[in-house]
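Note sheet for the following structure.
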Amino acid sequence: MIGQGTWYLDRGDRKRAIAALQRGIDLGMTHIDTAEMYGDAELVIADAIAGKREGLYLVSKVLPSNASRRGTVTACERSLKRLKTDRLDCYLLHWRGSYPLQDTVAAFDELIAAGKIRSWGVSNFDADDLNELLAVAGKGRVACNQVLYHLQERAIEHAVIPWCEQHGVAVVAYSPFGHDNFPSARSKAGEVLQTIADAHKATARQVALAFLTRAPCVFAIPKASSAEHVAENAAAGKLKLNESEIAALDKAFPRGSKPRGLPML
């Protein structure tokens, strides 16, 4: 339910980042997400997973600018080399670009046939995009849709989560704590969050993760650059909120009206 994100992971202390990833793996956070766009994150992961590849669920992403049929295959092979592995468990199109979805899906099929990826999915796709993809790929082919989702940005609850639930597609929440804007305990909404955390002897961030992953189809991939934060994230997987707590958070952090476009970072 709780995995490990790696955006900006390469910008801090490398040894600390490697130790954090390895601590997460030891705590059962075996879903590790990265992308070719994330600078040297793939290289950091390679060092962290050396000798630990079995049992991991490793995900990377192709940039839309590389997502032609040949470009997707080449990008995947480049990521495999950087990660020092022979396969990805899932490979994602990072967001919609100018190349036809047919070409990218054909490349994914080629990579599966070659044993270089085991499944594929997308990121930052709204419900309309997902309908187009379904028409191209057919039922049961899309493993997941990775989207922005945190307490103060719940737009995907309007159409994306219902679509994914209907079609058996996993939802993977990126930036589940927001982007440097996690609710302050001094705010009214933050007070609600902290009160629930105190009742569970948990942290506010653990409660946030538990709320976001309350639906069975939703997973979260928070990034943590220290072993301490990794342990905090991992413990959220055991936290269960009751109906009144979920209702209180729903009121404190309303999902708002449906936006014209899907929010993304």
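The values are calculated or read from the model by the stated rules, or taken from the named source; none is laboratory data. This one's a predicted model, so the numbers in the text were calculated from it and none came from an experiment. Here the Cβ is made from the backbone with ideal geometry for all residues, glycine too, and neighbour counts use every protein chain on show. For the accessible areas, the whole protein counts, side chains as well, though only heavy atoms, and no ligand, DNA or RNA atoms are used. Shrake-Rupley method; radii C 1.70, N 1.55, O 1.52, S 1.80 Å.
For the reader, a short list of remarks on this structure follows.
- Selection status of D26, under 22 Å from V147 (Cβ atoms), at pLDDT 95 or above and out of contact with any helix residue (DSSP H, G or I) (no Cβ under 8 Å at 6 or more places or on another chain): no
- Whichever residue in region 103-161 is out of contact with any strand residue (DSSP E or B) (no Cβ under 9 Å at 6 or more places or on another chain) and charged (D, E, K, R) and, among such residues, is surrounded by the fewest Cβ atoms within 10 Å (Cβ to Cβ): K139
- Tallying residues that are assigned to a helix (DSSP H, G or I) and touching a strand residue (DSSP E or B) at 6+ places or on another chain (Cβ under 7 Å) within region 8-41 yields 3.
- Residues in region 85-140 that are hydrophobic (A, V, I, L, M, F, W, C), touching a helix residue (DSSP H, G or I) at 6+ places or on another chain (Cβ under 8 Å) and within 25 Å of L43 (Cβ to Cβ): 9 in all.
- Of the strands (runs of 3 or more DSSP E) entirely within region 89-156, those holding at least 3 residues that are more than 26 Å from N181 (Cβ to Cβ) and at pLDDT 95 or above occupy 90-93.
- Inter-residue pairs, beta-carbon under 9 Å, first in contact (Cβ under 8 Å) with a residue 40 or more places away in the chain and closer than 12 Å to S244 by Cβ and in region 190-203, second open to solvent by 50 Å² or more (accessible area, probe 1.4 Å) and assigned to a helix (DSSP H, G or I), 6+ apart: V192/K251
- Filtering region 150-195 to residues that are β-branched (V, I, T) and within 23 Å of I32 (Cα to Cα) leaves I156, V160, I161, V169, V171, V172.
- Meets criteria (in contact with a strand residue (DSSP E or B) (Cβ under 9 Å, 6 or more places away or on another chain), under 30 Å from N131 (Cα atoms) and free of Cβ contacts under 8 Å to residues at least 40 places away in the same chain) for G5: no
- Subset of region 4-23 [in contact with a helix residue (DSSP H, G or I) (Cβ under 9 Å, 6 or more places away or on another chain) and buried (at least 22 other Cβ atoms within 10 Å of the Cβ)]: Q4, T6, L9, A17, A20, L21
- Filtered residues of region 206-230 (kept if under 24 Å from Y38 (Cα atoms), open to solvent by 10 Å² or more (accessible area, probe 1.4 Å) and outside any loop (DSSP other than H, G, I, E, B)): F219, K223, A227, E228, H229
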